[in-house]
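Structure first, commentary second.
The values are calculated or read from the model by the stated rules, or taken from the named source; none is laboratory data. If you're wondering where the values come from, they're calculated on a predicted model, not measured in any experiment. Here Cβ is always computed from backbone atoms with ideal geometry, including for glycine, and neighbour counts include all displayed protein chains. The protein model used for the area step is the full one, side chains on, heavy atoms only, and it has no ligands, DNA or RNA in it. Shrake-Rupley method; radii C 1.70, N 1.55, O 1.52, S 1.80 Å.
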Amino acid sequence: MLTSFFKSFRFSYFIIFFAISLGLVACGGGSGGGSSASSSPSANYVVSTLSDSGAGSLRAAITSVNSAPSTQYSGITFSVAGVITLASDLPAITNKVLIDGTTAPGYSAGNTTTAPLVSVNFNNVSSGFNFNSGSAGSSIYALSIIGSNSNGVTLNAGSITLLSNYIGLNLSGVAAPNALSGIYIATSSTNNVIGSNPKSISGLYSNVISGNLLHGIQLYGSAGNKIQGNAIGTNPAGTAAIGNRGNGIYVTYFSTENTIGGTAYFNSATGQTNNPTGNKGTVPIISIAPPLGNLISGNSLNGVLIDGGSELTVLSGNFIGTNNVGTSAIGNTLDGVIIRNANNNQLIGCTFEDNPFIYYNVLSGNGGNGLHVADSNAILIQANFFGAGANNASMVPNGAYGILVDGTSAGVQVGGVIPLGNVSAGNRLDGIKVSGTASGFTTFNTFGGLYAFQGAAPNGGNGITIDSTGGNNLIRTNVFSGNTHHGIEISGNASGVTVDPNVVGLNTEGTGALANPPVTGFGNGGSGVYIAGSAHDNFIGGYNNSVIPQNTFSGNANYGIEIVGTASNNKIFNSVIGLSTTMLDKFGNGLGGIYLGVNSVNTYIGPFTAPSTSTGTGNVISGNTGYGLILTPGSSSTIPSGATLTDGNCNGCGRLVRGGDLIPGVFPNSAGPVAP
């Protein structure tokens, strides 16, 4: 329960605290980068011919590397440029080597993605580069790797570095597929570096891994890898799709502790620091692509699939389903990210200490959901955009939900304490959908249907829908405004949902109308909260400490709260319906305050004492168009009498004065408190 001190001062300080704390504000991190070989080769073998074999060939150089003492670190350099077309398998690599295409004559890396000058065409008769036991610590730089009848590169040894390569594209950036995955990382291979961006230049992609006939990258039981600064499924510029026919990245078979993306936020080429919220709407927005993030777009299945018991994958700073700047769609055909039968994975856009919000994942523009969590537990989702562009000012819709949590998933957390919220807006269906038997779900500091600290970006459905029967699901400290239908829907046979405290239908602070709503004059096109089906034993109200003083359901086109179907035993308390969060201004709901439909029974509207509280708090139902409370024939409810916050509901009252009582009659409902 809120302390008496906080109650006394919450209105004076509310706007300041709320603006500082709700939602996506700042996330930090340095420019960082991957690593390459730790020292220079002690012996070099020169490729001086484009021939398949013979003196000076790549085949001969690899044979020499394998024949060298196991303690020798070898290099392979190029005095020629062009295409090496193979007639048979190259030898598997069994000693440490740097195959360095940057040594080819004319190669010069700049501030944009640089095409290799040497291509190795496996000609559909051989199986790509294979790094086997003994080759740990090896690297490939700046090669085009195409035409393998297997994977482009197979890693069976650890600490391999792949930088500045085209894998699945020829020297002109045109698809020339490998028959399986671009890169396959086996159980025996760990701690690899796939891509880097040490200069921290936005839009400069280290590897381009596109056009392959299976996945872009597959991790099979592998651990400790860093996949950073790559374009996976697009052209080298990141402006059009050249999709891998499977997933962009596939993490499976108990892979653990892998990093996809990174926490860089500064573009050294322009001197700009990422700031997509404009310091919570106070300065102009600056949007850059996080330099260590991957662009994972245009793939025929999902952008990223994590399954098979894989754990502790962390995604940060990636654009998944968009173009290179995150403002238009190059969608993956299915979901942006799907986590299936894989616990303890994370999409992290910032940490608790970061300020302001400066790096994030954008999961937008995909054919299915932005994120789908299925039968997976303890998934952490903080500071990401779902359906909104990276600039926090454009809609890039996902074709279904922004976030879908279903199956038996338990303990999924979307957002967190300041500043770890998410934006789920602009999607074709709901911003968030929680279904199946999902339990222990929390959404905390979500912008659902609007940009962060900006105007509406409507979801085509509701801000959030929960029809899960798992129970113990919490909707806490969110803004669900700007949606085409309802702000919050609880339906099906859902039970055990707590809605407290939230702003539904107004702007971020809950003190004014939402800009650019889908229905002129109203923050959501339907009701603030819509309870339907046989949903039962849910709590619309509570006493969670928050910068939002209580639920505020105001400014919606229909009702503040609408209960229909056979919904039963739902409780409504400690909520304001029709006024601002401060109760100083009215923003009436268009049809009335609370509507109880035919066959909705045993609804409790009034003070409710939770186990952790000493005194229950009622509702303020004021300023609405129509009646404050509408009871249809066949509905039933319990409504205590009284006119103060501590004694009961206040139908048609106005504002608090010192001492806590309400002054009646300031903002009456237009048709009266209760429908006759």
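Tabulated data for the structure shown
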{"quantity": "Condition check for Gly415: touching a strand residue (DSSP E or B) at 6+ places or on another chain (Cβ under 7 Å) and open to solvent by 20 Å² or more (accessible area, probe 1.4 Å)", "calculated": "no"}
{"quantity": "Residue match in the range 497-507 (condition: open to solvent by 10 Å² or more (accessible area, probe 1.4 Å) and under 17 Å from Gly415 (Cα atoms))", "calculated": "yes"}
{"quantity": "Strands (runs of 3 or more DSSP E) enclosed by the range 540-634 - at least 2 residues per element that are among the β-branched types (Val, Ile, Thr)", "calculated": "559-563, 575-577, 603-605"}
{"quantity": "Flag if Thr465 is surrounded by 24 or more Cβ atoms within 10 Å (Cβ to Cβ), of a type in the set (S, T, N, Q) and either within 19 Å of the chain's Cα centre (by Cα) or farther than 19 Å from Leu380 by Cα (or both)", "calculated": "yes"}
{"quantity": "Residues located in the range 478-499, provided they are within 18 Å of Gly578 (Cα to Cα) and touching a strand residue (DSSP E or B) at 6+ places or on another chain (Cβ under 6 Å)", "calculated": "Asn478, Val479, Phe480, Ser481, Gly482, His486, Gly487, Ile488, Val499"}
{"quantity": "Selection count where residues are part of a strand (DSSP E or B) and polar (S, T, N, Q), scope the range 435-481", "calculated": "6"}
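Okay, residues lined up against (1) touching a strand residue (DSSP E or B) at 6+ places or on another chain (Cβ under 7 Å); (2) at pLDDT 55 or above; (3) surrounded by fewer than 19 Cβ atoms within 10 Å (Cβ to Cβ):
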site	(1), (2), (3)
Leu629	yes, yes, no
Thr632	yes, yes, yes
Ala643	yes, no, yes
Gly648	no, yes, no
Gly654	yes, yes, no
Arg658	no, no, yes
